[in-house]
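> After the C-alpha cells below, expect a handful of questions from me.
Only the coordinates and a few stated rules stand behind these numbers; no lab work does. All of these numbers come straight from a predicted model, not from anything done at the bench. All Cβ positions, glycine included, derive from the backbone under ideal geometry; neighbour counts span all protein chains shown.
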Amino acid sequence: MKCKNIYITLIVCLCVLQTGSAQVKLPRLVRDSMILQRDARIKIWGWASKNEKITVKFNGRSYKTRADGNGNWFVLLSPMKPGGPYTMDISAVNKISLKDILIGDVWICSGQSNMVHQMNIHDVTYAKDIAEANDSQIRHFWIPTLTNLQGPQHDLPTGFWKSAIGEDVRPFSAVAYFFAKKIYEKYRVPIGLINASVGGTPIEAWTSEEGLKDFSSLLNTVEKNKDTAYVNGLNRTAAANFIRPSQNDQGMMGEKKWFDISYVPKEWRSINVPGYWEDQGIKELNGVVWYRKEIDVPASMMDKPAKVFLGRIVDADILYINGKQIGNTTYQYPQRRYNVPAHVLKAGKNIFVVRVTNSAGKGGFVPDKPYCLFAGSDTVDLKGEWKYKVGEVYLPRSGGFGGGISAQNQPTALYNAMIAPLINYSIKGFLWYQGEANTGRAEEYAKLQPALINDWRNKWKQLDAPFLYVQLPGFMDYNYLPSESNWAKLRESQLLSLSVPNTAMAVAIDLGEWNDIHPDNKKDIGERLALAACKIAYNEDLVYSGPIYQSSKIEGNKIIIGFDHAGSGLMTNDGEELGEFAIAGADKKFLWAKAKIEGNKVIVWNDSISDPMYVRYAWADNPVNPNLYNKEGLPASPFRTDTTNL
C-alpha cells in the first residue's frame, strides 16, 4: 500500500512538473492595452511545450494551432476594422486573458535622442498639452536601451502599453505624441506607438546583418564583435588605459565643504552666468569649478512649489541651495530643471552653489537658455555675476580610452535587441529621427538610410510600408560666409532617400537651436510627420512637403532653379528677400547671391560672376535665415547643385 501511494505521488508530481513546463508564454508586446494593426493579418505568437495545443479567442472568433517541436506557435487573426476595447483569451494548459485591446494603426518610432526626448523633458513648453492629455486611444510602448552583439533576440525583458492620459503621457516621445495626436484627431483611429530609440547612436546600429550586406567594413566589425573574448579584451584595455580624474576636489575636502552654509568664501573670482569659463579667463581647464551667488528671494515666493532652471551645463552639475543638495545631472543634456523641496528657500538672502564638472571642451553654462528661480507668479533672474573658484584641475589624458567598445554604437547591436523582437507585430509604418551621430560620414549615410528602409520593410514583410523621417535641423554657430558643412552634407544624404518609394521627409531646418542639439520644438516636427503620413500612409490629396530641389538651368549670368512640391506657389516666410542662396563659377568659390521668385522657380545671380555654374541654398550647419517656403507654410529643403560622388 505504501509503495502504491509513493507511485501515485510521483505521478502527480510529474504531472505538476509537466503542467509547469507547458505554461504558454507571450512576447512582451502582446499584453493588456495593446493596439493591433487594423486591416491586416495580425500575428499573435508565443512559446509553449512542443506540440502543445493553443486556442486564441478574439472579437468573436476562435483560432487554433499547435506549438512546433521547438515550442514556437502563432496564429493569424483575420483583418479587422478599428475598434475596441476587446478581450483576448489564450488557452492551453494554462489560460491568459488580455484586456483593453484596441484595433487601430501602429507605428514604429526609432532613431536617436530627438526621438527619445519625452514630453516630460519639454514640460515647460508643453505644460498645457501635458495637463490636458486625455487620449485613451493613443498608446505608447517604451523600449529601454538594450544591446546584443551576438545576434537577433526574440523578446524584450520589459515594457508596457500606456495611454496618453494624465501623468502617463510624460514618458511619451514628444515627436511621436504630437504625430499621433494629429493623426488621431483627423481619422479617429486608435494610434499605437512603439518607441525604440537610443541617444547618440548611428544608423548602422539599427540595421540587421542582412541589411548591411553591401557594407563590407561594417560586416567585418559585426563578425569581430561576435567574439566575446575580443570585445572583453578591448574593454579591459580601455579600462586600464583610461586615466580617471583624481578625487582631489578641494571644495569637498575641507572641514567645511564649499556648499556648506557656514563656509566663508575666500579668493573667489567673478564670472558671468551663462557663459563658458574658457571664454572668461580660464584657459583650457578640464576639472571642477564651483559657482556661488547670493540670491534675494521675496517673501511672496514662500510656501509655494518652487523650481530652478539652470539652462544647460557642460558637462555635469550639482546644485545646492542653503547647504542642501537640490539636484544633479551627470551629462550636458537635458536642460536643468530642478524642483526645490519645501522649507529650503527663505525670505531674503539664499546661497546658491553649483558644482560643475567638465572633462573635455568648453565647460560652464550654455548661453541663451533660461536661468531663473520661480514660484507661483514670481520669478527671480539667476543670470549675471557669480563668484567662482576652481576645485580641481584634471591632468591631460595620455593613452585616451584605449579603443573600448560602446555596444550601443556597434553595427546591428540595437537592431538585434530592440527591433528584432518587434518584427512579428503588424504595423502601419515607421517614424525615423536620426542622423546626428553620422554627420562625419555623410557619403556613407546616403547608402545606409535606404539600406535600413529596405531592411526593415523586408523584415516585416511589408515592402511598401510608409517610412517617414526627419531631416536634421539647424545646429551650432551661425556662419555669415558661405562655407562647407558636414551637417549640410548629412541633410543632403537624407534628401536622397526620397528616391525610395513610399517615403517622405519632414524638413526641420527652421526648427533648430544653435546651442542645443535637442531643439525644444517637437510639436511642429511631429505635426510635419503627420502631414506627410496623411499623404503617404492615408492617401490624402494634399501638399505635405516644402519645396524640394528638382532642376537647374544656366541662362547667361543667372541660374534658374526648379522645385518639386512648390504647392500653390513659392514665398518667403518673413516677407523679406530670399536669403541663404550662394552661387559659384567653375572654381566653386561660393559668394552670396541675389535671388528672386518667379512663379515656381527661383532666379539666382551675383553680378560679379559672369559664368555661374553652381548654386547652394541653406548650405551650413545652422543657416542664418532659410526663408524659402511654399504658400502652404512648409520650408524648402537645403540643397546644392554641385553634388559629387554621392
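> Can you sort D155, D510, D464 by how many other beta carbons sit within 10 Å, fewest first? Don't skip to the end; give the middle numbers.
Working: D155 15, D510 20, D464 10.
In order of increasing Cβ crowding within 10 Å: D464, D155, D510.
> Using just the helices of the chain, give the 222 nm mean residue ellipticity in deg cm²/dmol: DSSP H runs with n ≥ 4 each add -39,500 (n - 2.57), and the total is spread over all residues, rounded to 500.
Computed mean residue ellipticity for the chain: -5500 deg cm²/dmol.
> Report Rg/Rh for segment 250-393, rounded to two decimals, where Rg is the Cα radius of gyration and Rh the Kirkwood radius.
Over the Cα atoms of segment 250-393, Rg/Rh equals 0.94.
> In Å, what Kirkwood hydrodynamic radius results for segment 548-640 from the alpha-carbon pair distances?
One decimal place: 13.1 Å for the Kirkwood radius.
> Then there is this: Can you put K81, K601 in order, fewest other beta carbons within 10 Å first?
K81, K601
> Hey, another quick one. Pairs K369/K594; K293/K362; K43/K447; K81/K181; K64/K99; K461/K535: which are spaced more than 26 Å apart, C-alpha to C-alpha?
Beyond 26 Å between Cα atoms: K369/K594; K43/K447.
> In the chain, if the dipole is taken from +1 on Lys/Arg beta carbons and -1 on Asp/Glu beta carbons about the Cα centre, which of G151, N322, A582 is farthest to the positive end?
Farthest towards the positive end: G151.
> Continuing with the same structure: Compute the Rg/Rh shape ratio of the chain: radius of gyration over Kirkwood radius, all on alpha-carbon atoms.
1.02
> A follow-up question, please. Once label points are set 7 Å from the Cα along Cα→Cβ at both S270 and K81, what is their separation, rounded to one decimal in nm?
In this crude spin-label approximation the distance works out to 7.4 nm.
> For the pairs K95/K162; K25/K226; K256/K389; K128/K307, note any where the Cα-Cα span goes beyond 21 Å.
The answer is K95/K162; K25/K226.
> Could you pull out every one of the lysines with an alpha carbon less than 22 Å from that of K589, ignoring same-chain neighbours closer than 8 positions?
Here the lysines satisfying the reach criterion relative to K589 are K489, K553, K558.
> Another one. Going by C-beta contacts inside 10 Å, put T158, T572 in order with the fewest on the left.
The fewest-first ordering by Cβ neighbours comes to T158, T572.
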